[in-house]
Amino acid sequence: MRWKGRRQSTNVEDRRRATPGRKMAMGGGIGAILIAVIAAFMGGGDLSSVLRAVLGNATSNRAQGGTQTSDRPLTAQDKRLTNMVKTVLADTEDIWTDLFPPHFKRKYEKPVLVLFHDRVQWAGGIADKAMGPFYSPSDKKIFIDLSFYNEMDRKLNAPGDFAQAYVLAHEVGHHMQNLLGISGRVHQARSRVGKTEYNRLSVRLELQADFFAGVWAHHAEKRYEFLEPGDIEEALNAAAAIGDDTLQKKSRGYAVPDSFTHGTSAQRVAWFRHGFRTGDPTAGNTFDEAVFRRIDPGG
């Protein structure tokens, strides 16, 4: 992926030199994205409200104690990844600022990207790096410990700049769902439906975020011509590696479809591919049964 030389976003908070002084025990949920394999997920969400139940990776722990300053120096790899995610975030800002008004009849609000090391204080308390990248709708912030990308490479066999860009674009997709009120409606349904049905809604939410990531890639390629041979395969490989069925089979030897919260590998690939192929932000309503059956490989 060619990303060097373009604008870098300034909507970034770098908290890698400061970490919360004490953290409380973390909670985890079955089937969350990467927990089964590497104790992490990339699905994103406000774990204290909208996407906490959706992802099944809740943590409403409250911070106690002060903040510690870390002496850990940033490595050359840290700096390279920082520049890369700032560039990708800027790309999403430019693309969605242009696409949002004509398609959704409103102005796009840019999210803030928070970089942290080890753990971070956020609206829901303390988040550990094992949570992986996540989005917090209450303050419209995306949180990433960049060491997650090393885990993608080493433990999921999903390397590459574009696979990493896909992760961030997916979280931006959750931000869009927040702006559009989609994630809020899913959360409101929690009190009206059973666990299995709520998991099904969670899957639809995650697949739509994959779709939005594909739409971004479509328009970014048209604008910047930034893709290199193999880049799309990197994203599809990453999407497949974090399917619920793949993760559960690796962790327990079998899959439990009713517990899926993010979708199968085939579903994640299909919806990213659909977004990349069409480039139409309105063509990915995963909650519309007719649309879902037409695109979904298992529908």
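The values are calculated or read from the model by the stated rules, or taken from the named source; none is laboratory data. These numbers were taken from a predicted model, which means no experiment stands behind them. All Cβ positions, even for glycine, are placed from backbone atoms using ideal geometry, and neighbour counts span all protein chains on display.
Points to keep in mind about this one:
- Hey, GLY284 among the small types (Gly, Ala, Ser), out of contact with any strand residue (DSSP E or B) (no Cβ under 6 Å at 6 or more places or on another chain), crowded, with 21+ Cβ neighbours inside 10 Å and touching a residue at least 24 places away in the same chain (Cβ under 8 Å) or not: yes
- ASP91 being part of a helix (DSSP H, G or I), out of contact with any Cys (no Cβ under 9 Å at 6 or more places or on another chain) and either surrounded by fewer than 20 Cβ atoms within 10 Å (Cβ to Cβ) or not polar (S, T, N, Q) (or both): yes
- Selection of first residues in segment 104-119 that are free of Cβ contacts under 8 Å to residues at least 12 places away in the same chain and of second residues that are surrounded by fewer than 19 Cβ atoms within 10 Å (Cβ to Cβ) and assigned to a strand (DSSP E or B), restricted to Cβ pairs under 6 Å at least 6 apart or on distinct chains, gives an empty result.
- Sole exception among (1) out of contact with any Lys or Arg (no Cβ under 9 Å at 6 or more places or on another chain); (2) touching a residue at least 60 places away in the same chain (Cβ under 8 Å) for PHE148, by number: (1)
- No other residue among TYR135, TYR108 is modelled with pLDDT of 85 or more, on the phi < 0 side of the Ramachandran plot, touching a Gly at 6+ places or on another chain (Cβ under 7 Å) and not in a helix (DSSP H, G or I) apart from TYR135.
- Residue check, ARG119 farther than 13 Å from SER9 by Cβ and modelled with pLDDT of 90 or more: no
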